[in-house]
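A short worksheet on the structure shown next.
Throughout, read-outs are computed from the coordinates displayed, never taken from laboratory work. What you see is a predicted model, and the numbers here were worked out from it, not measured in a lab. Counting neighbours? That spans all protein chains shown, and the Cβs are built from the backbone with ideal geometry, glycine included.
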Amino acid sequence: MRPWRLKGRELLPVVQGGMGVGVSAGGLAGAVAALGGVGTVSSVDLRRLHPDLMAQTSHLESGKEPDARERINAANLVALDREIQRARLISQGRGMVAVNIMKALSAYEIYVRQSLESGADAVVVGAGLPLDLPELAKDHPGTALIPILSDARGVQLIVKKWEKKGRLPDAIVIEHPRLAGGHLGAAKVADLQDPRFNFENVIPQSLEFFKSAGLEGKIPLIAAGGISSREDILRLQGLGTAAVQMGTAFAVTQECDADPAFKQVLANATPEDVVEFISVAGLPARGVRTHWLNKYLRVEPKLKAVAHVKDRCNMAFDCLAHCGLRDGKSDMGQFCIDQQLAHAWEGDQQRGLFFRGAGALPFGKDIRSVHDLLSWMVAGNRPAEPVPSDAFKTGALA
């Protein structure tokens, strides 16, 4: 298995995907980077990880104060800086610390600027085409800029647009919407099965474009979605990728910043438990059929039938630039995504929205360490089986 290089650094060929709200914060990102990989902080609503910031802002969610949005955003910027610094402290200069920022966020631009100012090694952008990222990062040439795309047409568009602005992507994540978790890079659920997204198509087509454009060997590709074994990494490197990105596999590690109950929901989910639907952001999404999601999917047609423009955002800070619930868009989801993802992060199985990829997990239902995961995926060293949680009760260790 080959290591890869990004901005002059040699790295393990594994990138930890960004997962919000709060699922991949400084703890997880730092643990991955410390072992030589790319650890990723998800930028959205990180104040939830900081009791002092929540104490300053939770009352503002009623929307009664005119500057509520500005104050909540300010708290989230403080939290983002804290989590980047926490990850950097844990990593001790090893690997790289990235920040994932959804283009669909209303605070996208200020999150990008804060990430750059806080010293993130890379900025990763998905959920939209980040055509403006080179301008936003023009004063930070040392920071890696990494868009997330799903097909070769998107790769060509971004590269051509960025090249005119004097900057190339430092790497590109190729995310397969039929396999990944969370928000997916397709226009509608029916498109998830389109063969144009298959790695066997996208990767060779993108590499051929690089060759024809005189960019061969200059933009590493990172495959994302459905990766659960060392063999998957070797197969994808054989297709021409430099590295892979994994999300759910890291979400069920001990170092993941979410509640243990969150990890159990993802680890225990069967293929039949995983479902696709349209998010409030207007993008297809994939998650676990928990109590809340089952109930929502049952009533979704009724909610869409009465969709109407709201006076304000449920949470007062308008996390999304375009929100189906707030903007009354009947072709988009009709729920508050920040609330539901936050409930999941807290481990609330009744009210949470639990995003999950479609693939199997490297350790099945076991919650293992980042070290165990990377040791198994990269070196092929199968860690010892974990001690059962009830071993001491049953006398199994006697």
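Using Cα pairs under 8 angstrom and six or more residues apart, how large is the relative contact order of the chain, in percent? The partial results should precede the final answer.
Working: 838 pairs, mean separation 71.0, N = 398.
That works out to 18 percent.
Could you work out the local net charge near Ala251, counting Lys and Arg as +1, Asp and Glu as -1, over the other residues with Cβ closer than 11 Å to its Cβ?
Working: positive: Lys263, Arg356; negative: Glu255, Asp257.
That works out to 0.
Give the distance, in whole Å, between the Cα centre of region 68-129 and the Cα centre of region 131-152.
Here the answer is 14 Å between Cα centres.
Can you give me the orientation-averaged projected area of the convex hull built on the Cα atoms of region 78-151, in nm²?
Values: hull surface 20.5 nm².
Over all viewing directions, region 78-151 projects a mean Cα-hull area of 5.1 nm².
Taking the chain as a Gaussian network, where each spring joins two C-alpha atoms under 10 Å apart, which residue of Pro301, Pro66, Pro260 fluctuates the most?
Pro66
Defining a contact as two alpha carbons under 8 Å apart and six or more residues distant in sequence, what relative contact order in percent does region 43-177 show?
On the way: 166 pairs, mean separation 24.1, N = 135.
Contact order relative to length: 18 percent.
Going by a ≥ b ≥ c, the root eigenvalues of the Cα gyration tensor, does region 288-348 fall in the rounded group (a/c under 1.5), the prolate group (a/b larger than b/c) or the oblate group?
Details: a/c = 2.56, a/b = 1.18, b/c = 2.18.
Oblate.
Under the rule a/c < 1.5 gives rounded, and otherwise a/b versus b/c splits prolate from oblate, where does region 1-51 land using the Cα gyration tensor?
Numbers: a/c = 2.98, a/b = 2.74, b/c = 1.09.
Prolate is the answer for region 1-51, as a/c is 1.5 or above and a/b outweighs b/c.
Around Gly39, what is the net charge, scoring Lys/Arg as +1 and Asp/Glu as -1 over all other residues with Cβ under 12 Å from its Cβ?
Details: positive: Arg86, Arg88, Arg94; negative: Glu83, Asp121, Glu255, Asp257.
Neighbour charge sum, excluding Gly39 itself: -1.
For Lys188, give me every one of the aspartates and glutamates with a C-alpha distance below 17 angstrom, ignoring sequence neighbours fewer than eight places off in its own chain.
Hits, sequence-local ones excluded: Asp151, Glu175, Glu276, Glu300, Asp331.
Specify the residue with the greatest mean-square fluctuation among Gly126, Gly217, Gly181, computed from a Gaussian network of the chain linking alpha-carbon atoms under 10 Å apart.
Of Gly126, Gly217, Gly181, the Gaussian network model singles out Gly217 as fluctuating most.
For the chain, how big is Rg over Rh, using alpha carbon atoms and the Kirkwood form of Rh?
Values: Rg = 20.3 Å, Rh = 21.3 Å.
Using Cα coordinates only, the ratio equals 0.95.
Tally Lys and Arg at +1 and Asp and Glu at -1 over the other residues with C-beta under 13 Å from the C-beta of Phe210: what net charge comes out?
On the way: positive: Lys160, Lys211, Lys218; negative: Glu163, Glu208, Glu216.
Net charge around Phe210: 0.
Read phi for every residue in region 13-20 and hand back ³J(HN,Hα) as whole Hz from Karplus 6.51 cos²θ - 1.76 cosθ + 1.60, θ = phi - 60°, with x for Gly and Pro.
Whole-Hz 3J(HN,Hα) from phi for region 13-20: x, 9, 10, 8, x, x, 9, x.
Just from its helices, what would the mean residue ellipticity at 222 nm be for the chain, if runs of 4 or more DSSP H residues each count -39500 (n - 2.57) and the sum is divided by every residue, rounded to the nearest 500 deg cm²/dmol? List each step's numbers first, then the result.
Working: 15 runs with 141 residues, N = 398.
Helices in the chain give a 222 nm mean residue ellipticity of -10000 deg cm²/dmol.
May I ask you to list the lysines whose Cα is less than 30 Å away from that of Lys7, ignoring any residue fewer than eight positions away on the same chain?
Output for Lys7: Lys103, Lys138, Lys160, Lys161, Lys164, Lys165, Lys211, Lys218.
Using a Gaussian network model on the chain with a 10 Å cutoff between Cα atoms, which of Leu157, Leu133, Leu12 fluctuates the most?
Residue with maximal mean-square fluctuation among Leu157, Leu133, Leu12: Leu157.
Could you tell me what a quarter of the Cα convex hull surface of region 106-198 works out to, in nm² with one decimal place?
Taking a quarter of the hull surface, the average projection is 6.2 nm².
If you line up the Cα atoms of region 1-120 on their principal axes, what length do they span on each, largest first, in Å?
55, 26, 21
Among the GluC sites (Glu not before Pro) in region 206-266, which ones are in a DSSP loop with at most 13 other Cβ atoms within 10 Å of the Cβ? Mind listing them?
Numbers: sites: Glu208, Glu216, Glu231, Glu255; in loops: Glu216, Glu255.
For GluC sites (Glu not before Pro) across region 206-266 that sit outside H, G, I, E and B with at most 13 neighbouring Cβ atoms in 10 Å, the list reads Glu216.
Three principal axis extents, largest first, for the C-alpha atoms of region 136-246, in Å?
Result for region 136-246: principal-axis Cα extents of 36, 31, 26 Å.
Give me the aspartates and glutamates in straight-line cross-link reach of Lys263: C-alpha distance below 13 Å, same-chain residues under 8 apart excluded.
Glu255, Glu346, Asp348, Asp366
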